[in-house]
Amino acid sequence: MKILGISAFFHDAAAAIVVDGVIVAAAQEERFSRIKQDASLPVQAVRYCLDEAELSMAEIDYVVFYEKPLRKFERILVSQLRAFPRGLRQFGRAMRTWLGSRLWLKSDICKELGCSSQQLLFSEHHLSHAASAYLCSPFQDAAIVTIDGVGESATTSVFHGFAEEGCPKIDLKLELPYPHSIGLLYSSLTAYLGFRVNEGEYKVMGLSSYGQPKYLEEFASLASVGDDGSLEINPRYFSYHYHATKSFTPALEALLGPSRIPGSPLEYPSGDIDMQRYADVAASLQTFTEEYLLVLMGEAKRQTQSNSLCLAGGVALNSVANRRICEEGPFEHVFVQPAAGDAGGALGAALYASCVLHNDPRPRLSSVALGQSFAPASIEKFLDDCGVKYTKYSDDEELADEVAQRMSVGQVGGWFQGRFEWGPRALGNRSILADPRYASTRDRVNRAIKFREKFRPFAPMVLSEDTHLWFDLGRNRDRLLAPFMCSVMPATAAAKEKLSAVVHVDGTARVQVVGRSSNPRTRRLLQAFKKKTGVGVLLNTSMNLKDEPICASPAEAYGAFVRSDMDFLTLENCLIVKDQI
Amino acid sequence: MTTKVPVRSVFTPASWGQRMAERGRTAGELAGLLIRNGRWWLLPMLIIMSLTAVLLGVVHVIEYAAPFVYTVF
């Protein structure tokens, strides 16, 4: 079966194509449109997926949308009426959006993509998330937990994935209804802390390491947690169910203190009382979330009696919580869909139709390099056309040696090769890399290259055989999370001493382990760097500047290179050096 | 690791008639969903809102309809 999955109209629109159970391509629309977290119908991503599979729309058996819009509309109608008259303004806004366009999504998809309505199927939001995790995992029997803001009406779901006569099945065990959502609670506190919702949650996670969970008692009054994994939000403190732009009420500020003004300075460590309070609130939020997730995992275990866990949904991108789930949760093995957010729903919708409805073989997600690649000849032509001076390397070893040499003397550079990554993380195909040994390098990358807050940490990539030297894999010994940077790991004493650019203030790092079979060119670079410095680790951050999506094409990579303080850029086998262009 | 040549990704958009028919089916599906879930009482509100939206659209598009609308209100 040839199945195209799409997600759109909330955030992170994406498309994925699955042919006979093989994931041929998957990409987010933002990489093509250059609009961060672009939510519009992913026409360009669909076009790319069809090109990669060498198919036309007429040859696609089914196009599967990742959620059911009519059920979502019903939930919005009912929740808005329940909040009446407080939500009158948001009601008007929602009705304009829905009656004006979103309700007619089916005909719009058919019009924009040129598919017939008979080709078009609709999955359920959390089922799509569940399929994206379970069907990509190596498990036959697993509990599947999906946690995000809200889907059609559920905010958190527990499924049981199993095989019946060789066919994968996904059964719903329990779900939590809107507005009781750990994802929306996290997002509301993200807004309280002055960061943008759906984007600033990573910053809150990083900020939490600078504080102490001093507000856990206050958090207990924000939401109550039941032993059965239920969560009840106290509506006194939140307004996301009836207010269009503000997700918390003045009662929250009375409880936790005034909210942070967006854009106001944040420097840590700090003697400023308010700055420390923000960090303490972030730490309390993070701890509360982790504690709740552990209760939920206990219930998932009781419901499914499985030894393995699959996680998806935006909350599953919380790598600090994932570590605690691995270490303290009731499951032996844990797998997290690398594109756990709404983009992953596109892949899940396609996989559900392919593997569950049609019984195609299940894929094994060994790499997230599912995006567009660029032929070396086209890169050379681009550079020649722009009149850029570059050195072409015919031998990968030589290129790796040269780049490793440059990094070992403190240079920072872009590393562009192969297909771009699926999901929010750059894993060595569209990365900015640097020497991890000096904190000054981290500060330079934050200040002059990524133009972001100083308190935010950077992630390391490490040779698989050296992981134990620098990081504690813990119970994640089967290394299912390690290749995709889905969990943090405590740093060893040696790492704390020698890798100051990539060990966060709490002594952990969000590690990507580069195995023997994955990403050979990046692995060669790590080996070359180890030969020069004795350290098989590199600082790795995504190749994008502030508020931009990760670069997809050579032109975008070159643009980021020119507009930032990067010292060099590799585009496949071409090396461009800043002081030579 | 090479870029595929985009040879067959030409979309064939649906016609206006097809889109309108599809929208009609969507409205029917929504009505069916609300009735099945015991929320049929939402339907009158939706119909009034939709008709208001259509009326406003018509008023914006056809300028000379304004005097007739004025007399209605």
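The values are calculated or read from the model by the stated rules, or taken from the named source; none is laboratory data. A quick note: this is a predicted structure, and the numbers were derived from the prediction, not measured. Note: ideal-geometry Cβ built from the backbone for every residue, glycine included; neighbour counts use all protein chains shown.
Applying the selection to the range A:164-196, what residues are in contact with a Leu (Cβ under 9 Å, 6 or more places away or on another chain) and over 15 Å from A:Phe288 (Cβ atoms)?
Just the residues of the range A:164-196 that are in contact with a Leu (Cβ under 9 Å, 6 or more places away or on another chain), to begin with: A:168, A:170, A:172, A:176, A:178, A:180-182, A:185-186, A:188-190, A:192-195.
Matches in the range A:164-196: A:Pro168, A:Ile170, A:Leu172, A:Leu176, A:Tyr178, A:Gly194, A:Phe195.
Is there a residue being of a type in the set (Gly, Ala, Ser), away from chain B (no Cβ under 14 Å) and outside any loop (DSSP other than H, G, I, E, B) anywhere in the range A:443-457? Spell out how you get there, then give the answer.
Looking only at the range A:443-457, we keep the residues that are of a type in the set (Gly, Ala, Ser), and these are A:448.
Then drop every residue that is not away from chain B (no Cβ under 14 Å), which leaves A:448.
From the residues that got through so far, the ones that are outside any loop (DSSP other than H, G, I, E, B) too are A:448.
Yes, the range A:443-457 contains a residue that is of a type in the set (Gly, Ala, Ser), away from chain B (no Cβ under 14 Å) and outside any loop (DSSP other than H, G, I, E, B).
Being at pLDDT 95 or above, under 24 Å from the mean Cα position of the chain (by Cα) and either outside any loop (DSSP other than H, G, I, E, B) or more than 16 Å from A:Lys532 (Cβ to Cβ) (or both), is that true of even one residue in the range A:434-441? Spell out the reasoning first.
Applying the first criterion (at pLDDT 95 or above) to the range A:434-441 yields A:434-437.
If we keep only those that are under 24 Å from the mean Cα position of the chain (by Cα) too, we end up with A:434, A:436.
Now restrict to residues that are either outside any loop (DSSP other than H, G, I, E, B) or more than 16 Å from A:Lys532 (Cβ to Cβ) (or both): A:434.
Within the range A:434-441, one or more residues are at pLDDT 95 or above, under 24 Å from the mean Cα position of the chain (by Cα) and either outside any loop (DSSP other than H, G, I, E, B) or more than 16 Å from A:Lys532 (Cβ to Cβ) (or both).
Where strands (runs of 3 or more DSSP E) sit wholly within the range A:143-249, those with at least 3 residues that are surrounded by 17 or more Cβ atoms within 10 Å (Cβ to Cβ) and either at pLDDT below 95 or within 21 Å of the chain's Cα centre (by Cα) (or both) occupy A:154-164.
Please indicate, with yes or no, whether at least one residue in the range A:524-538 is over 20 Å from A:Glu402 (Cα atoms) and under 22 Å from the mean Cα position of the chain (by Cα).
no
Within the range A:84-139, the set of residues being over 17 Å from B:Trp16 (Cβ atoms) and charged (D, E, K, R) comprises A:Arg86, A:Arg89, A:Arg93, A:Arg96, A:Arg102, A:Glu124. Listed by position, the helices (runs of 4 or more DSSP H) contained in the range A:487-572 that have at least 2 residues being touching a Phe, Trp or Tyr at 6+ places or on another chain (Cβ under 6 Å) and in contact (Cβ under 8 Å) with a residue 12 or more places away in the chain are A:554-563. Scanning the range A:82-125 for residues that are under 30 Å from A:Pro179 (Cβ atoms) and of a type in the set (Ser, Thr, Tyr) gives A:Thr97, A:Ser101, A:Ser123.
Restricting A:Ala434, A:Ala448, A:Ala400, A:Ala426 to those that are in contact (Cβ under 8 Å) with a residue 60 or more places away in the chain and loosely packed, with under 14 Cβ neighbours inside 10 Å reduces the list to A:Ala448. Of everything listed in (1) of a type outside the set (A, V, I, L, M, F, W, C); (2) within 25 Å of A:Gly559 (Cβ to Cβ); (3) under 23 Å from the mean Cα position of the chain (by Cα), the single unmet condition for A:Arg444 is (3).
Scanning the range B:17-31 for residues that are more than 9 Å from every other protein chain (Cβ to nearest Cβ) and either more than 20 Å from A:Ser101 (Cα to Cα) or at pLDDT below 85 (or both) yields a count of 1.
Within the range A:296-335, if we keep just the residues that are in a loop (DSSP other than H, G, I, E, B) and under 15 Å from the mean Cα position of the chain (by Cα), the residue that is farthest from A:Arg475 (Cα to Cα) turns out to be A:Gly313.
For residues that are at pLDDT 90 or above and assigned to a helix (DSSP H, G or I), scanning just the range A:250-274, find the one that is farthest from A:Thr155 (Cα to Cα). Filtering the range A:250-274 for residues that are at pLDDT 90 or above and assigned to a helix (DSSP H, G or I), the one farthest from A:Thr155 (Cα to Cα) comes out as A:Ala254. For the range A:63-93, the tally of residues that are closer than 21 Å to B:Gly32 by Cα and either within 11 Å of chain B (Cβ to nearest Cβ) or in a helix (DSSP H, G or I) (or both) stands at 14. Of everything in the range A:110-124 that is at pLDDT below 90 and part of a helix (DSSP H, G or I), the residue that is farthest from the other protein chains (Cβ to nearest Cβ) is A:Glu112.
The rows are residues; the columns are (1) more than 10 Å from every other protein chain (Cβ to nearest Cβ); (2) modelled with pLDDT of 90 or more.
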site	(1), (2)
B:Leu34	no, yes
B:Thr52	no, no
B:Gly57	no, no
B:Val61	yes, no
B:Thr71	yes, no
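I'd like to check something: does the range A:378-386 contain any residue that is of a type in the set (Asp, Glu), outside any strand (DSSP E or B), surrounded by fewer than 21 Cβ atoms within 10 Å (Cβ to Cβ) and within 14 Å of chain B (Cβ to nearest Cβ)? Yes, the conditions are met somewhere in the range A:378-386. Considering only residues in the range A:61-89 that are farther than 22 Å from B:Asn37 by Cβ and either in contact with a helix residue (DSSP H, G or I) (Cβ under 8 Å, 6 or more places away or on another chain) or free of Cβ contacts under 8 Å to residues at least 12 places away in the same chain (or both), the one that is surrounded by the most Cβ atoms within 10 Å (Cβ to Cβ) turns out to be A:Val64.
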